[in-house]
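Please treat every number below as a calculation from the coordinates, not as lab data. Keep in mind it's a predicted model, so treat the numbers as computed, not measured. Counting neighbours? That spans all protein chains shown, and the Cβs are built from the backbone with ideal geometry, glycine included.
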Amino acid sequence: MDVSQYLEIFIDETKEHLQDLSDQLMILETEPENADVINEIFRAAHSLKGMAGTMGYKRMQHLTHMMENVFSEVRNGNIKVTIHMVDILFQCLDALEAYLDEIVNNADEGTNDNEPIIKLLNGFLEGESENDSTSNKKAEKEENKPQGDNSSGYQVKFSEFEVNAIGEAFRKNMNVFSIRVFVDESCILKAARAFLVFKSLEELGEVIKSDPSVQDIEDEKFDLDFSVVFVTEATKEKVLNAINSVSEIRRVDMDAITELPKVEKHEDKREERHEEKEEIAKAENTSVKENTGKQTAPVKAVSGGKPVVNRSVRVDIEKLDVLMNLVSELIIAKNGLVSASNSDDREKANGFNEQIEYLERVTTNLHESVMKVRMMPIETVTQKFPKMVRDLSKKLDKKMKLTISGEDTELDRTVIDEIGDPLMHLLRNSADHGLESEEIRRERGKDPVGSIILNAYQDGNNVVIEVKDDGNGIDIEGVKNKAIEKGTITEEQAETMSDKEIIDLLFRPSFSTAKVVSDVSGRGVGLDVVKTKIEALGGDIEVKTKLAEGSCFIIRLPLTLAIIQALMVEIGDEKYAISLGSIQTIEDVLKTDIKYVQSKEVINLRGSVIPIIRLDEILDIEKSGEDEEENLTVVIIKKGEKQAGLVVDRLIGQQEIVIKSLGSYINNGNKLISGATILGNGDVALILDANTLV
Amino acid sequence: MEDNMIEVQSTQYIVVDVGIEQYGIDIKYVDNIVRMQKITRVPKAQNYFMGVINLRGEIVPVMSIRRKFGLEDDVFTDKTRIIILKPEQHEAIGIIVDNVKEVVSLESSNIEKIQSGRDEKSRYINAVGKNQDNLISLLNVNGVIDDVN
């Protein structure tokens, strides 16, 4: 049987579970006794094992199985969680991630058996002698059970908990069915079929009992049939259809349970109950997720090569509904226009205007909704950082903590995909170069635990991401000396350079100030790559730093990539668009108010001195004759804290524009033009990139 | 005899006027021929780019063959056309021609490859075609475009 069709689901869900596992391990490290966390980890390992087994990834299954064993012992109180154990668990996590990466890229888990890790895990288990016997006993019991059941039809035995659950269902007037499913004899991956049956059942209600246990079914420890007790609001037919929609199912027997069954005294009832509870918790989890339609789209694999799975965005069904509604409104608006054009001249003008306003409203909403579908919270990228910083902390032997805020800030999907690497790089930079060693921090009277803060927020049309640390800051003299040494700048140049210009040197290719090239960073392929990547996304990056106090990298990214609000201006007889996001104000400036500083034109605007940029000169626009006006129209643009005034001839107005690329043929000097747009009359207007002008 | 049988392979060319010369453009590169329309200048672009046009909602750069070949500037008339070229694996690009004359089929026996010459212009011509009494310079489309990149 081909399981490739489940590959996408498998990858998605594995990612979720791994993320879960990682989060929980982080907590476990600080609270080793937390029972909820331990349960959660056990559950994640268990689900991973089941899924890997179903897909035939034996190595992955083996590893998760070992993890599960360890945690089952921890849960029973036979083993205590130690820091050492958490470390090894993190290694397991890395190994699992490696498997997953392999699977994403090659649809195969690779050949790494991770023997050392498994040995270490085994070490924990062997430390406790009695545990083996209990788990063996349980396994034996469960293996025996199916045969016993076979002979006596399908008399299902119930525990006290299950009887209670059935009673509860009766009170709620829900149907309880006892279902026996026979899998086709030729079916190769029985577990996969069973898994699908469970999946479709869980969409309709709750499976409160299964025989053999869910775990055994997942491990394919069953013959050709299995039985479940199922609580649902759906009718018998619906349930039957759902099961029959799974292929390779030979027969389904279904009986309604109308009476409360007797409680079967069970040897290890307590344990059984625990497991069932878990299953229910799991079922609840999935149903809750479906209700809220939580958007946890997969994060693109970082490794190279073409992944075998397509990129996808999980979209909340509500968002699609809104889109659908808007499209229907669009059709109505179109019909309105058609009928308006058929009416009398007198009514025509009126009708048209009305319909055009309507159309405008619909398209604006439509745009907004489509953008929202493409938007994802930055959390999808940042959630893997806490673990990364933890690993760095171990590797670099520095104490540090990462604080992330504003992770619900949303960004376009394309940006989210690309921003992970640069951010990771900046974090590494902060951890490696930024933060000092513990001793130095103590000497300087700082908290021995270094702090890295990642903060994201929306600022107008931009999203700002800051990576801040309270470390050493950038040693400007050090950078200067290094640059002279490397021949990047001459000593004379260094004399005249401002601190900012020197910091900018860090973003030049192959410039690393680290004295020791470490595994973490300092190979000299650093900040320039970060900068290029961010600029490719239409953003920019700047640094603020203070020696011995820390540095802050500020990334500014456009919120959307395709459609922006822009101010249309005219210079000579050419029209240009300027993104509204970068415009601060528009001023009327008297020509006599222009002053000269270092023979450059500036104006003094409410206390701040702003350089004036004559767009006609920069854009080589031929002016027809002298303009006699005494006032200049100046558009004040800002980038971070820097400002500049652009002189334009005429303002046309605000407009929503669709950004189109100029293509790769034309190289426009200094990247003054970031793209083009098509105006209502079909003409092309160019978009000025305010960021390069400031 | 046999050789001749194999050689009857012919290619279609669009024949255009640029200045006093006739150029042939392999039809497989031609996406469209449009009338002269408003070209938006792009500041700081290479001088042979006239600017960009709106071709059915797409932005297409337009190049002046005359400027590229170092001829005198284009004079736009109602015969001026923009030929939109769409080479494989490249974006579309427009070139301005004075006039579009006809489409001819040239058999390979009538096409004479020429060595890449010394002057600027001959780098963009890879062969000369004979059509009855006329000589047509066959444009090396990829050459023209690669040069831009």
Checklist line | Selected from B:Met63, B:Ser10, B:Ile27, residue furthest toward positive end of dipole (the stretch B:9-148; charges at beta carbon) | finding: B:Met63
Checklist line | Isotropic mean projected area of the C-alpha convex hull, the stretch A:379-558 (nm²) | finding: 10.3 nm²
Check: Hey, what number do you get for chain B at 222 nm if only DSSP H runs of n ≥ 4 count, each worth -39500 (n - 2.57), divided across all residues, to the nearest 500?
Finding: -2500 deg cm²/dmol
Check: If you take the alpha carbon radius of gyration of the stretch B:24-63 and divide it by 2.2 N^0.38 Å, what ratio comes out, to two decimals?
Finding: 1.29
Notebook entry, point to check: Given the Cα-Cα distance of A:Tyr596 and A:Glu237 and 0.36 nm per residue of separation, how much length would full extension add, in nm?
Noted result: 120.7 nm
Margin query: Give the average over all directions of the projected area of the C-alpha convex hull of the stretch B:45-108, one decimal, in nm².
Written below: 6.2 nm²
Item checked: Unit charges at the beta carbon, dipole of the stretch A:4-128: most positive-side option, A:Leu25, A:Phe90, A:Val74 -> A:Val74
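Distances longer than 16 Å among the Cα atoms of the stretch A:588-662: what percent of all pairs is that?
59 percent
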Checklist line | the stretch B:42-103: relative contact order in percent, alpha carbon pairs under 8 Å with at least 6 residues between | finding: 28 percent
Item checked: Net lengthening on full extension, A:Leu224/A:Tyr457 (0.36 nm per residue, minus Cα-Cα) -> 78.3 nm
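Give me the Kirkwood hydrodynamic radius of the stretch A:563-693, using the inverse of the mean 1/r over all pairs of distinct Cα atoms, in Å to one decimal.
Across the stretch A:563-693, the inverse of the average 1/r is 15.4 Å.
In units of 2.2 N^0.38 Å, what is the alpha-carbon radius of gyration of the stretch A:317-377?
For the stretch A:317-377, the normalised Cα radius of gyration comes out at 1.37.
Can you figure out the FRET efficiency of A:Thr496 with A:Glu443, using R₀ = 45 Å and their beta-carbon distance, to the nearest 0.05?
Calculated transfer efficiency: 0.85.
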Margin query: Can you pull out the GluC sites (Glu not before Pro) in the stretch A:591-694 whose DSSP state is coil and whose Cβ has at most 15 other Cβ atoms within 10 Å?
Written below: A:Glu622, A:Glu626, A:Glu628, A:Glu629, A:Glu630, A:Glu641
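Averaged over B:46-53, how many beta carbons belonging to a partner chain fall within 10 Å of each residue's beta carbon?
Average neighbour count from other chains, rounded to a whole number: 3.
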Checklist line | Fully extended contour minus Cα-Cα distance, from A:Asn34 to A:Ala548, at 0.36 nm per residue | finding: 181.2 nm
Margin query: Counting pairwise Cα distances across the stretch A:4-128, what percent come out greater than 25 angstrom?
Written below: 18 percent
Checklist line | Once the Cα gyration tensor of the stretch A:545-593 is diagonalised, semi-axes √(5λ) in Å | finding: 33, 21, 8
Next item on the list: Work out the charge dipole of the stretch A:325-451 with +1 on the Cβ of Lys and Arg and -1 on the Cβ of Asp and Glu about the Cα centre, then indicate which of A:Gly336, A:Ser393, A:His367 is farthest towards its positive end.
Entry: A:Ser393
Checklist line | Filtered chymotrypsin sites (Phe, Trp or Tyr not before Pro), the stretch B:18-98: DSSP coil and at most 15 other beta carbons within 10 Å | finding: B:Phe76
Notebook entry, point to check: Extent of the stretch B:9-148 along each principal axis, from alpha carbon coordinates, in Å, largest to smallest?
Noted result: 44, 32, 32
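What FRET efficiency, computed as 1/(1 + (r/R0)^6) with R0 = 22 Å and r the Cβ-Cβ distance, is obtained for A:Ile563 and A:Asn365, rounded to the nearest 0.05? Show your work: numbers first, answer last.
Values: r = 13 Å, r/R0 = 0.57.
Efficiency for this residue pair is about 0.95.
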Checklist line | Where Rh is the Kirkwood radius over Cα pairs, Rg/Rh for the stretch A:322-448 | finding: 1.40
Next item on the list: Return the FRET efficiency for the residue pair A:Asn173, A:Ser200: r is the Cβ-Cβ distance, R0 is 25 Å, and the value is rounded to the nearest 0.05.
Entry: 0.65
Next item on the list: Pop a pseudo-label 7 angstrom from the Cα along the beta-carbon direction at both A:Asn335 and A:Arg614 and give the gap in nm to one decimal.
Entry: 5.8 nm
Notebook entry, point to check: Quick one: Cα centre-to-centre distance for the stretch A:384-425 and the stretch A:457-487, in angstrom?
Noted result: 17 Å
